[in-house]
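Beneath this line is the structure, given in structure tokens, with notes to follow.
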Protein chains: 2
Amino acid sequence: MNNNPIGVFDSGIGGLSVLKQFVRFLPFESYIYLGDTARVPYGNRSPEIVKLYARQSTEFLLEKNVKLIVIACNTVSAVALDEVRKIAGDIPVIDMISPAASAALRATVNKRIGVIGTRATVASRAYEKQILEFSNVDNSPEVFTKACPLLVPFVEEGMAQHPAVKLVTEEYLQELIEKDIDTLVMGCTHYPLLVPMIREIMPNISLIDTGEHASVTALRLLAERGDLVDERNSFMEKPKVQFYITDLPALFYENAAAFLGFEIDKPNIIQLDK
Amino acid sequence: MNNNPIGVFDSGIGGLSVLKQFVRFLPFESYIYLGDTARVPYGNRSPEIVKLYARQSTEFLLEKNVKLIVIACNTVSAVALDEVRKIAGDIPVIDMISPAASAALRATVNKRIGVIGTRATVASRAYEKQILEFSNVDNSPEVFTKACPLLVPFVEEGMAQHPAVKLVTEEYLQELIEKDIDTLVMGCTHYPLLVPMIREIMPNISLIDTGEHASVTALRLLAERGDLVDERNSFMEKPKVQFYITDLPALFYENAAAFLGFEIDKPNIIQLDK
């Protein structure tokens, strides 16, 4: 039993869709969520800068005595996982890539997997590498990736249901449809808000939500270590989350509620680059 | 580490939607699936008969040295959980009701939960009792149930997308829509095949899949006991499942593939009522 919080960090608010999945499967844990909203988005930045920002976020969470660190961002996971692991030491780190890659391998029947993400995630080839590492080399599925840079700003403008985003998404997905994929990894934490639209465009696809598989991986890891919280809580309480952000951006509360499914209290504004 | 199989039983093929969720989150386990297809459906039968059948299925699985028993049927869970636990002794038993009831409690914001199921499940009031037991008595959500007896035969006829089943489902759900529920428990293992239709009728609902939450509950339980399998397997193998049924019904292979998401090999036909 370990009642320390779980630390979750992201470049901004996208990681709240990951936190939502953690709250679904680990409802009694307490959480510290850190969103680096002053420096978002990371998706087009260089690996060196992303690594620096990831180190600062990790250090912040370690000072809060977290028992587990969740890199709730595909771009940071793709670029800076080793950096984060190095600083975290004995504290386990859950990334977005490996749970989703393993889920995609299980889900695909025709061995043709699509991955959508930011430019940085796609350029890193992190999903291809992880899927190849997990599978038999003789028998490895084909992976087709597509950078979808407009989807994040659309979602953050609250336009996830807008016909314009449907037009753009159809165009992005067309290439993957032509590749006859049967499984699609939503390799960015903003994309779960686009699920109804993606399902309309690709009704028979197996959709992989990175946050969902990360949360189940975390559940397993904590259970095996005997590090889950004591659960004698009330079922009806709001999830216990402390929110830290580096800037209070426009639409913050609206977006947070859309990503999380519940409204949040006033976040703490902090500075990471001191 | 425990390499014994997980035993999953159901009155018929509905439990295959539960097995699908187990394979998703516990892909490396081996499974024994028992479907009592000769005596299906249980949904309108008396509690005494359902208990007798559940005892026979449990005994069959125990003879196969399973490490965990999953009652992959809401009706049997509602009526015969105590019977199964009694016979199972030290072997843990996962039912459909309590993981879903707990998930519904976490998902609801307005504290108005709907439950749909067979006549027997609804008549048992198992969900109301479990939700009341889990929540603060002062603060317990309201639970509204609706028996939907036609949905199982529609799904088994392969008509999950048919306009007729949409008309019937709209009629069934109308009562719950009027009660302003924000969370709907699909309290029958056939209903996950109706998700696209239910989402059309109730686009903003939190939908609870009993098999999904049962599988995560099982993952946690096995992880805490150190009873998960050794995972040094190939990722690309088909899930390891032995199928036992008591009769080979019409449309068996078609339905099995629709419920599971993959095609199954020839099942073993056995007799339970000897």
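Legend: ranking of residues A:159, A:1 from fewest to most surrounding C-beta atoms inside 10 Å; resulting order A:1, A:159. Take residue A:150, push a point 7 Å out from Cα through the beta-carbon direction, and compare it with the same point in every other copy: 4.3 nm, smallest first.
Modelled spin labels at residue A:170 and residue B:231, positioned 7 Å past Cα toward Cβ, are 4.0 nm from each other. One Cα centroid belongs to region B:8-72, the other to region B:248-263; the line between them spans 16 Å. When residue B:139 is represented by a point 7 angstrom out along its Cα-to-C-beta vector, the spacings to that point in the other copies are 5.0 nm, nearest first. Remark: mean inter-chain Cβ contacts per residue of B:213-220 equal 3, using a 10 Å Cβ-Cβ cutoff to other protein chain atoms. For residue B:30, the residues whose amide H sits under 5 Å from its own are B:6, ignoring neighbours fewer than 5 places away on the same chain, with H placed 1.01 Å from N. With each label modelled as a point 7 angstrom along the Cα→C-beta vector, the residue A:263-residue A:109 pair spans 4.5 nm. Over region B:1-155, the Kirkwood radius and the radius of gyration, each from Cα atoms, give a ratio Rg/Rh of 0.97.
Between residue A:46 and residue B:30, the modelled label-to-label distance comes to 5.4 nm, taking each label 7 Å out from Cα in the direction of the beta carbon. Here chain B yields Rg over Rh of 0.95, to two decimals, using C-alpha coordinates and the Kirkwood radius. Ascending distances from the residue A:64 label point to its copies in the other chains, with the point 7 Å along the Cα-to-beta-carbon line: 4.5 nm. Each principal axis of the Cα atoms in the protein assembly as shown has its own extent, and those three values, largest first, are 74, 59, 47 angstrom. The calculated FRET efficiency for the pair residue A:125 and residue B:221, based on their C-beta separation and a Förster distance of 41 Å, comes to about 0.65. Among the residues of A:98-107, the average count of other protein chain beta-carbon atoms within 10 Å of the residue beta-carbon is 2. Around the amide H of residue A:115, modelled in the peptide plane, lie the amide H atoms of A:144, A:145, A:146, A:185, all under 5 Å away and 5 or more residues distant in sequence or on another chain.
The three principal axes of the Cα atoms in region A:97-210 give end-to-end lengths of 43, 26, 20 Å, sorted in falling order.
Residue-normalised convex hull volume from the C-alpha trace of region B:8-77: 77 Å³ per residue.
The equivalent ellipsoid that matches the C-alpha gyration tensor of region B:141-274 spans semi-axes of 31, 22, 15 angstrom, in descending order. Scanning chain B for the Cβ atom closest to the axis that brings B onto A yields residue and whole-Å distance B:223, 2.
Antiparallel beta bridges, as assigned by DSSP with both residues in region B:97-210, represent about 0 percent of the total such bridges.
Values quoted throughout were computed directly from the atomic coordinates according to the rules given, and no laboratory measurement underlies them. The structure displayed is predicted, hence computed values, not measured ones. Positions of Cβ are generated from backbone atoms using ideal geometry, with glycine treated the same way; all protein chains shown enter the neighbour counts.
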